[in-house]
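Contents: one structure, followed by commentary.
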């Protein structure tokens with residue numbers, strides 16, 4: 001039973017074939033609704049570019065790489081509109097910006113999930129700054145992203161920073177992925193509390209650890225690769241992954257009994 005007294009959602013195990021089919025369905029959704037997909041992807045890209053420009057202006061270019069990597073952490077929150085688009089298309093309902101906004105705004109528990117997501121993202125950013133201070137020096141500054149990359153890749157301290165930072169980032173990413181991969185679409189789909197949604201998400205990962213970790217790696221790799229050309233690849237990658245996540249959720253969580 002959930003904390004609200006309702007029956008917990010039923011979690012079904014999945015296989016690699018389910019992930020492949022979810023990706024195909026995600027691509028079909030994007031092809032069917034390209035304008036909305038490109039719009040949400042464009043907002044994500046614009047946010048990334050503005051963050052990098054802001055960091056450059058404030059002399060904090062060393063945070064550009066961790067922010068690019070951290071984009072994978074906040075992806076589930078950013079993709080809320082994409083989940084709702086797929087849900088409405090599946091149900092045969094009209095897909096409009098007003099309908100999407102109304103649906104997302106009406107789910108108050110999504111605010112708590114957004115808080116969890118942003119909190120872990122802030123932990124990720126603070127640990128990067130802490131590692132730079134501890135390993136590279138508390139007064140370390142970089143005039144350009146090229147200088148930061150050179151130090152990280154050509155010095156023992158930089159390689160140590162890279163190894164520890166990526167290890168911590170991987171752990172935080174796995175934690176957040178486990179908490180959110182099912183919870184965001186579940187909160188859009190059903191009237192459940194955010195704790196139940198997070199528990200259901202973790203149960204889904206435990207039920208199919210191999211396929212789910214594989215899905216997490218696919219998301220991270222595609223988002224990082226798509227971020228390399230000034231985030232422009234995310235115009236397509238983000239909406240396809242967002243739609244695919246909805247369809248994977250539908251395969252993981254059994255529908256309510258009629």
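Computed from the coordinates by the stated procedures, all read-outs in this text should not be read as laboratory data. No experiment lies behind these values; they were computed from the predicted model shown. Cβ sites come from the backbone with ideal geometry, for glycine too, and all protein chains shown count toward neighbours.
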Q: State the percent of C-alpha pairs, over all pairs in the stretch 110-202, separated by a distance greater than 24 angstrom.
A: 39
Q. What is the ratio of the Cα radius of gyration of the stretch 16-252 to 2.2 N^0.38 Å, where N is its residue count, to two decimals?
A. 1.05
Q: For helix 156-180, report the angle its Cα long axis makes with the longest principal axis of the Cα atoms of the chain; keep it between 0 and 90° and round to the nearest 10°.
A: 10
Q | Value of [θ]222 nm, deg cm²/dmol, for the chain, DSSP H segments ≥ 4, -39500 (n - 2.57) each, nearest 500 | A | -25000 deg cm²/dmol
Q) Taking Cα atoms, how many degrees apart are the long axis of helix 64-78 and the longest axis of the chain, rounded to 10 and kept between 0 and 90? A) 10
Q: Taking 7 Å along the Cα-to-C-beta vector as the label spot, tell me the residue 149-residue 218 distance in nanometres, rounded to one decimal.
A: 2.9
Q. Out of 205, 24, 181, any idea which swings most in a Gaussian network model of the chain, alpha carbons joined below 10 Å?
A. 24
Q | Neighbour-count order for 78, 195, fewest beta carbons within 10 angstrom listed first | A | 195, 78
Q) Which ordering of 58, 184, 161 is given by a fewest-first count of other beta-carbon atoms within 10 Å? A) 58, 161, 184
Q | Residue order, fewest to most surrounding Cβ atoms within 10 angstrom, among 212, 39 | A | 39, 212
Q) In degrees from 0 to 90, rounded to the nearest 10, what is the angle of the helix 34-57 Cα long axis to the longest principal axis of the chain? A) 20
